[in-house]
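Here the structure comes first, spelled out in structure tokens, and everything after it is commentary.
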Amino acid sequence: MERPAWAPRSIDISVPSVSRIYDYYLGGSHNFDVDREAARKAMEFMPGLPKIMQANRAFMRRAVRYAAHEGITQFLDIGSGIPTFGNVHEVAREARPGARVVYVDHDPVAVAHSQVVLEGEADADVVAADLLKPRDILASRQVEQLIDLERPVALLLVAILHFVEDRDDPYSAVAELTAALAPGSLLVLTHASYEGIPLPPARAEGAVDVYKNIRNPLVMRSRDEIARFFEGYDMVEPGLVPMPHWRPETAPEDEDPYAFSGFAGVGRAS
């Protein structure tokens, strides 16, 4: 397999990556044959996976606009993935010029491509770091330069927590991050769940098994388990709901049934 110019030499292009699979679902071009093969296998069980990812992105953009209209000018996007049209810094600045954004990801392709996209940007940068190491993120040069933790921040954890197993204690990682944020900060989150998927759970488990087989387990949590991530935060209306129901800009009944898979919510630090 020929290595494209945009692929860092350090990565193994024979191993699938959830960031690149996500990029494929969204119609991106920064993915390899192994990523497309894994994605197509998962879609044999859940053909609506691209619709779920599109709903994730649409929710993210609505939540960023909401945060900007609420006066927030700082955004920390962890698990940001490979940049596509309508990135956080683009959406935030359209609503609030001068907004500052730090992206965080541990996938080398996502980081490398983000660096290219953000070249010359004074108010946006990317950090190569892991959600499970909050101190590395908060103490990074990029966060220290662009984010003032004494003022409200919008922390985005969109489509990332379902890739963290319980044994790695995602709740503690989220709690450490949110504890570092000022009052008035927002937690923006989406998470996969069997609830809402227009398929029998046994069928959906086939797609989950695909992720397990590529050593990126997909953890499907219940609504109550997802709500635990918001401890210490007050839920913004309409609460923790299927993605199309969170402050929709178009009629939810017009959405694809798969778009209602999983949950989305925004919480505010008091």
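Worth pointing out:
- The one condition from (1) in contact (Cβ under 8 Å) with a residue 24 or more places away in the chain; (2) part of a helix (DSSP H, G or I); (3) not hydroxyl-bearing (Ser, Thr, Tyr) that Glu253 does not meet is (1).
- Total residues in segment 48-72, condition in contact with a Ser or Thr (Cβ under 9 Å, 6 or more places away or on another chain) and open to solvent by 50 Å² or more (accessible area, probe 1.4 Å): 1
- Residues in segment 48-76 that are free of Cβ contacts under 8 Å to residues at least 60 places away in the same chain and farther than 22 Å from Gly267 by Cα: Pro50 alone.
- The residues of segment 57-93 that are of a type outside the set (Val, Ile, Thr) and part of a strand (DSSP E or B), listed by number, are Gln74, Phe75, Leu76, Asp77.
- Residue list for segment 20-47, restricted to those being open to solvent by less than 50 Å² (accessible area, probe 1.4 Å), at pLDDT 95 or above and farther than 28 Å from His89 by Cα: Ala38, Ala42, Met46
- For Leu118, the stated conditions do not hold, so it cannot be described as in contact with a strand residue (DSSP E or B) (Cβ under 8 Å, 6 or more places away or on another chain) and modelled with pLDDT of 95 or more.
- Number of residues in segment 185-203 that are touching a Lys or Arg at 6+ places or on another chain (Cβ under 7 Å) and open to solvent by less than 70 Å² (accessible area, probe 1.4 Å) equals 3.
- Among residues of segment 81-97 that are of a type in the set (Ser, Thr, Tyr), those with a Cβ under 8 angstrom from a residue that is open to solvent by less than 10 Å² (accessible area, probe 1.4 Å) and at pLDDT 85 or above, sequence gap 6+ or separate chain, pair up as Thr84/Asp23.
- Picking from residues in segment 213-269 that are of a type in the set (S, T, N, Q) and modelled with pLDDT of 95 or more, the one that is farthest from the chain's Cα centre (by Cα) is Ser222.
Let's see how each residue does on (1) crowded, with 20+ Cβ neighbours inside 10 Å; (2) in contact with a Lys or Arg (Cβ under 9 Å, 6 or more places away or on another chain); (3) basic (Lys, Arg); (4) part of a loop (DSSP other than H, G, I, E, B):
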residue	(1), (2), (3), (4)
Val127	yes, yes, no, no
Asp130	no, no, no, yes
Glu144	no, no, no, no
Leu149	no, no, no, yes
Glu205	no, no, no, no
Asn216	no, no, no, yes
Val219	no, no, no, yes
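The values are calculated or read from the model by the stated rules, or taken from the named source; none is laboratory data. Computed from a prediction, not measured in an experiment: that's the story for all the values here. Here the Cβ is made from the backbone with ideal geometry for all residues, glycine too, and neighbour counts use every protein chain on show. The accessibility values were calculated without ligands, DNA or RNA, using every heavy atom of the protein model including side chains. Shrake-Rupley method; radii C 1.70, N 1.55, O 1.52, S 1.80 Å.
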